[in-house]
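The values are calculated or read from the model by the stated rules, or taken from the named source; none is laboratory data. No experiment lies behind these values; they were computed from the predicted model shown. Cβ placement follows ideal geometry from the backbone for every residue including glycine, while neighbour counts extend to all protein chains displayed.
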Amino acid sequence: MNDESLPESPPLPTKPAPSEGRTVASSSLYRMAEEMISLREITKRQLKMFEKTLGTIRDDIFGKFNSHVADQQRAYQQLRGEIHGEKRVGLNVLNEILDICFDLERIVKAKPAADDQAAVQRWIESVEIESRKVQESVQRHGIQPYDAVLGEAYNPAIHERVGSRRQEGMDGLRIAEQVEHGFASQQPEFVLRRAKVIVSE
């Protein structure tokens, strides 16, 4: 056989040098380690930001809660003071009413005979003095009388209708006449007794 007739065999693949394989692996591990370190740093920063935000939210919630508790405590103390104040005012009013009752009992017992004009005059004066005493007591507790204005519109909140009539020159539901004046408290402001009025038809 002729050596020239034999086919040539394909070249064998060459293996990478051992040093080249180690370099590729080392660089991949190095990049992986860098990524892990970078990821760890990012995680640390995010964790610090989260802890800071959480602390801020926690402080804000505690602050609002403490402020709410303080507001409730102040409201409770104010309500308690108002209740005690109302009790004191109520007791003072009751004591003044009792004093007036005793004075009226003495006045009634001292009623003179009708033929003694001087004694009757003194008795009338004592009744007038007691009436002024009652009015002063009422005003001392912040209660003031008020009058309905003739011709103004009828308002059930401040007027008590006790009758009605036709009034010349006045349309319907107007104050035609006041029968009794009303009473209102100044502190706090509200109507204790509505003025009794006659309303136009």
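Taking the residues in the range 115-167 that are farther than 17 Å from residue 193 by Cβ and basic (Lys, Arg) as candidates, determine which candidate is modelled with the lowest pLDDT.
140
Look at residue 192 and say whether it is out of contact with any His (no Cβ under 9 Å at 6 or more places or on another chain), in contact (Cβ under 8 Å) with a residue 40 or more places away in the chain and either of a type outside the set (Ser, Thr, Tyr) or on the phi < 0 side of the Ramachandran plot (or both). If you could, list the steps in order and put the result at the bottom.
On the way: out of contact with any His (no Cβ under 9 Å at 6 or more places or on another chain): yes; in contact (Cβ under 8 Å) with a residue 40 or more places away in the chain: yes; either of a type outside the set (Ser, Thr, Tyr) or on the phi < 0 side of the Ramachandran plot (or both): yes.
Against the criterion (out of contact with any His (no Cβ under 9 Å at 6 or more places or on another chain), in contact (Cβ under 8 Å) with a residue 40 or more places away in the chain and either of a type outside the set (Ser, Thr, Tyr) or on the phi < 0 side of the Ramachandran plot (or both)), residue 192 qualifies.
Six or more apart or on different chains, Cβ under 8 Å: which pairs go from a residue in the range 95-118 that's free of Cβ contacts under 8 Å to residues at least 60 places away in the same chain to one that's among the basic types (Lys, Arg) and in a helix (DSSP H, G or I)? Could you list them?
Short answer, once both residue conditions are applied: 100/133; 103/133; 112/122.
Here is a yes/no grid of residues against (1) hydroxyl-bearing (Ser, Thr, Tyr); (2) farther than 30 Å from residue 127 by Cα; (3) at pLDDT 85 or above:
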| residue | (1), (2), (3) |
| --- | --- |
| 3 | no, yes, no |
| 7 | no, yes, no |
| 14 | yes, yes, no |
| 36 | no, yes, yes |
| 76 | yes, yes, yes |
| 105 | no, no, yes |
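Evaluate the range 142-152: report whether one residue or more is more than 39 Å from the chain's Cα centre (by Cα) and either of a type in the set (Gly, Ala, Ser) or under 28 Å from residue 85 (Cβ atoms) (or both).
no
Criterion first (under 30 Å from residue 82 (Cα atoms) and touching a Gly at 6+ places or on another chain (Cβ under 7 Å)) does residue 195 satisfy it?
Yes.
Considering only the range 172-201, state which residues are among the acidic types (Asp, Glu), within 37 Å of the chain's Cα centre (by Cα) and at pLDDT below 90. Lay out the reasoning, then the answer.
Of the range 172-201, the ones among the acidic types (Asp, Glu) are 177, 180, 189, 201.
Cutting the leftovers down to within 37 Å of the chain's Cα centre (by Cα) gives us 180, 189.
Scanning the range 172-201 gives a single hit, 189.
Taking the conditions exactly as written (in contact with a strand residue (DSSP E or B) (Cβ under 7 Å, 6 or more places away or on another chain) and aromatic (Phe, Trp, Tyr)), does residue 154 satisfy them or not?
yes
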